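Okay, structure first, notes after.
The values are calculated or read from the model by the stated rules, or taken from the named source; none is laboratory data. Keep in mind that this is a model prediction, so the values were computed, not measured. Please note: Cβ atoms are built from the backbone with ideal geometry, for glycine as well, and neighbour counts cover all protein chains shown.
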Amino acid sequence: MIANPSILHAEPTMLAHWIGGRLVAGTSGRHSDVYNPSEGKVCAHLPLASEDEVDAAVQSAKAALPAWAATTPLRRARIMFKFKDLLEQNANQIAAIISREHGKVLSDAHGELQRGIEVVEFACGAPQLLKTEFAENVGGGIDSYSLRQPVGVCAGITPFNFPSMVPLWMFPMAIVCGNTYVLKPSERDPSTALFLAELFKQAGLPDGVLNVVNGDKTAVDALLSHTDVKAIAFVGSTPIASYVYTTGTAHGKRVQAFGGAKNHMVVMPDADAEMAADALLGAAYGSAGERCMAISVAVFVGDKIADDVIARVRRKIAGMKVGTSTTAGAEMGPLINGPHRDKVKGYIDSGVDQGAQLLVDGREFSVAGAENGYFVGPTLFDHANTDMKIYQEEIFGPVLTCMRVPTFDAAVKLINDHQYGNGTAIFTRDGDTARAFAHGIEVGMVGINVPIPVPVAYHSFGGWKASIFGDHAMYGPDSIRFYTRLKTITQRWPSGIRAGAEFVMPTNK
Ligand code: NAD
């Protein structure tokens, strides 16, 4: 266990950057406030980096690069093993930091950390993962083989909704591949990333290999245009993902940028109604709907199953325990901040105005003893249609919108016509229907009787359409491709050239 990070102190403290293996105070003169959403109170102040401070972080990563890239994958992996151990040993403390700044309940904070740890576990396989291909005798006496070499200094820009998991999707894989890193976490819940960096140092990571620079658009723009940054990973909302992709690639960088989502769950007439209702409850309201893989639209094929499942969901909502992030047994906490709470309430207003049937209204919800927390209660709409804002846009709150369609084909068309394509699910007992769905749906991650089909760490994570900009998915095998450059070598040794110059293609011999 290591010393308590400052975020767990009672009074708001000024946080810092993590550059060159130590905390470095901000010098830009700009800062923002970090809130505890359960209490609606400021819990820390955050320095917002200037261009010069971003440059200091990049230079630290650049200086550390040659030695780290030359470190054997086996030694890099050994540090990963220790990092994984430390993450597990400090899990309670990490979860407490996540909950305090994000507002998600402790059990959920543990859940996201576990998914992040699984990526570190995958990264421990670097010596095997970085093995490449060799072909003997591609021509007479000529062999060909490929190498996967580090890209250089890489940067990650992360959203507020998974303060440990999304950074852990990025920097462990980059670093185990021999790159050095600058992470720019969300300014709304930055302390987790600082603590992760401290733990990684304790695991034996050399100074400068991982740097954390805190900030806003100024810091992001400085990373996007910095000539020494070679690759950028981004996760956040679609407009910013599009901007990061366009700007980063215009500056010659490799970019993967993941955006927003509107995930549909199809419920077929033959589905197990109780199983579907339970799945909807957890997938729509877990983490207060602030998950890129949350189910925000339920699509019922036929009125009979719709009436049955919706009645069950209503009953289950009445039994849900909503509380502060540390309330024992709470299943759902507050939203991230006041403006976001108001935005979500605005969406509920618009659903009512546009004629959807509001079955459960979370707008006036409050938690006894935490009246200043940013709560919106679980909200349920029925009879929505495609013209409504609550259907078209990502709400990112505890709002489940139900739609009714007559056929399976109509459900598929609805999903394929939507701008987003992150995740989706189908609930059915029929293998043929499930198979047709998996084959024909234009969405990157598909669940069959699994509501939130986030791939495990040894697959890769990625959506389609407006949910992704760039070619590579995150973590898993795709991350090896993203964080390495392919080099292919064709070799012949001196005995092959004793005959003098050659004028035909070697493969013709
Ligand atoms: P956001 O886009 O507001 O912020 C993400 C990052 O971009 C932050 O680090 C922020 O500082 C930075 N940023 C914000 N505005 C910027 C600007 N104008 N210029 C440059 N940088 C800017 O997203 P958020 O609200 O933190 O996160 C929620 C969003 O992330 C949702 O849309 C959610 O669906 C999405 N998300 C997607 C995935 C996925 O895998 N597709 C995963 C998690 C979250």
query = Are any residues in segment 324-358 acidic (Asp, Glu) and either part of a helix (DSSP H, G or I) or in the same structural domain as GLU187 (by TED's automatic domain parsing) (or both), and if so, which ones?
reply = ASP342, ASP349, ASP353
inquiry  = Where the second residue is of a type in the set (S, T, N, Q) and modelled with pLDDT of 95 or more and the first is over 18 Å from PRO127 (Cβ atoms) and in the same structural domain as LYS201 (by TED's automatic domain parsing) and lies in segment 59-78, which pairs have Cβ atoms under 8 Å and are six or more apart or on separate chains?
reply    = SER60/ASN211; ALA61/THR180; ALA61/ASN211; LYS62/THR180; ALA64/THR180; LEU65/ASN179; LEU65/THR180
note = Within segment 238-256, the residues that are more than 9 Å from the ligand (Cβ to nearest atom) and of a type in the set (Gly, Ala, Ser) are SER242, GLY248, ALA250, GLY252
query = Name the residues in segment 49-77 that are out of contact with any helix residue (DSSP H, G or I) (no Cβ under 7 Å at 6 or more places or on another chain) and part of a loop (DSSP other than H, G, I, E, B), would you?
reply = THR71, THR72
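Per-residue answers, yes or no, for (1) closer than 29 Å to TYR245 by Cβ; (2) touching a residue at least 60 places away in the same chain (Cβ under 8 Å):
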residue	(1), (2)
GLU394	yes, yes
CYS402	no, yes
GLN419	yes, yes
ALA425	yes, yes
ILE448	no, no
ILE452	yes, yes
VAL456	yes, yes
GLY462	yes, yes
GLY470	yes, yes
ask   = In segment 134-150, is there at least one residue being part of a loop (DSSP other than H, G, I, E, B) and either modelled with pLDDT of 95 or more or within 16 Å of the ligand (Cβ to nearest atom) (or both)?
value = no
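Conditions (1) among the small types (Gly, Ala, Ser); (2) in a helix (DSSP H, G or I), marked per residue:
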residue: TYR391; (1), (2): no, yes
residue: PHE396; (1), (2): no, no
residue: MET403; (1), (2): no, no
residue: ALA425; (1), (2): yes, no
ask   = Only one of VAL213, VAL176, VAL182, VAL209 is touching a His at 6+ places or on another chain (Cβ under 7 Å), crowded, with 24+ Cβ neighbours inside 10 Å and among the hydrophobic types (A, V, I, L, M, F, W, C); which?
value = VAL213
remark   = In segment 442-475, residues that are outside any loop (DSSP other than H, G, I, E, B) and closer than 28 Å to MET275 by Cβ total 6
inquiry  = Out of the strands (runs of 3 or more DSSP E) lying entirely within segment 183-281, which hold 2 or more residues that are among the β-branched types (Val, Ile, Thr)?
reply    = 229-235, 263-267
ask   = Can you pull out the residues in segment 294-309 that are part of a loop (DSSP other than H, G, I, E, B) and within 17 Å of GLU331 (Cα to Cα)?
value = ALA294
query = In this structure, does VAL267 turn out to be farther than 30 Å from GLY431 by Cα and either of a type in the set (Asp, Glu) or more than 17 Å from the chain's Cα centre (by Cα) (or both)?
reply = no
request  = Tally the residues that are touching a Pro at 6+ places or on another chain (Cβ under 8 Å) and in contact (Cβ under 8 Å) with a residue 60 or more places away in the chain, restricting the search to segment 302-352.
outcome  = 10
task = Evaluate the following for ASP342: is it more than 23 Å from PHE396 (Cα to Cα) and among the acidic types (Asp, Glu)?
result = no
